[in-house]
Amino acid sequence: MTEVELVATALATGAAAGLTDTACGVVHDLYLRLKESVRRRLATGTGDSVCGGYGVRVLDAYETDPDVWRNRLLKVLTGSGAETDEEILAAARAVLRAERRTGHITVDARGPKRALVGNPVVAQWAGRRT
């Protein structure tokens, strides 16, 4: 998983946590910090066309429909330099670590490189066909 994919997965994981009973929990709090860091980065960015208002709109749209907006989010994150921003990367890792601790399983199997986030033992069992 690349750094940009890590950030996108953490954003989707945090947004999903906000839809469940963990909304007031640690995952949601860490997600809000990550989202604010990404929003700042996209708003200021490096001055190219993917930053500014467009980047922030893509971030907001990704929260409502990650499947549709994932590719555009990856592009604006890359264009803004988010993959090299240590604050954003640390926040993304914190969201994913906290999500693993809650016992939820989040699987991201889109694209040619398949990534698993969550409890590998449980996820491996859940992925078996009977």
Within the range 86-101, the residues that are at pLDDT 95 or above and either acidic (D, E) or surrounded by fewer than 17 Cβ atoms within 10 Å (Cβ to Cβ) (or both) are E86, E87, A90, R93
Flagged in the range 50-60 as assigned to a helix (DSSP H, G or I) and open to solvent by less than 20 Å² (accessible area, probe 1.4 Å), in numbering order, are G55, V58, L59
- Task: State whether the residues of the range 64-71 include one that is hydroxyl-bearing (S, T, Y), part of a helix (DSSP H, G or I) and either at pLDDT below 90 or open to solvent by 60 Å² or more (accessible area, probe 1.4 Å) (or both).
- Result: yes
Within the bounds of the range 31-43, is there any residue that is surrounded by 21 or more Cβ atoms within 10 Å (Cβ to Cβ) and at pLDDT below 80? no
Point to revise | Flag if A82 is open to solvent by less than 20 Å² (accessible area, probe 1.4 Å) and modelled with pLDDT of 95 or more | key: no
Of the conditions (1) loosely packed, with under 14 Cβ neighbours inside 10 Å; (2) in a helix (DSSP H, G or I); (3) at pLDDT below 90, the single one that D21 does not satisfy is (2)
Flagged in the range 44-63 as modelled with pLDDT of 90 or more and among the aliphatic types (A, V, I, L, M), in numbering order, are V56, V58, L59, A61
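The values are calculated or read from the model by the stated rules, or taken from the named source; none is laboratory data. Bear in mind that the values here come from a model prediction, so they are computed numbers and not experimental data. We place every Cβ from the backbone using ideal geometry, glycine too, and count neighbours over all the protein chains shown. Protein only, heavy atoms only, side chains kept; ligands, DNA and RNA dropped before computing areas. Shrake-Rupley method; radii C 1.70, N 1.55, O 1.52, S 1.80 Å.
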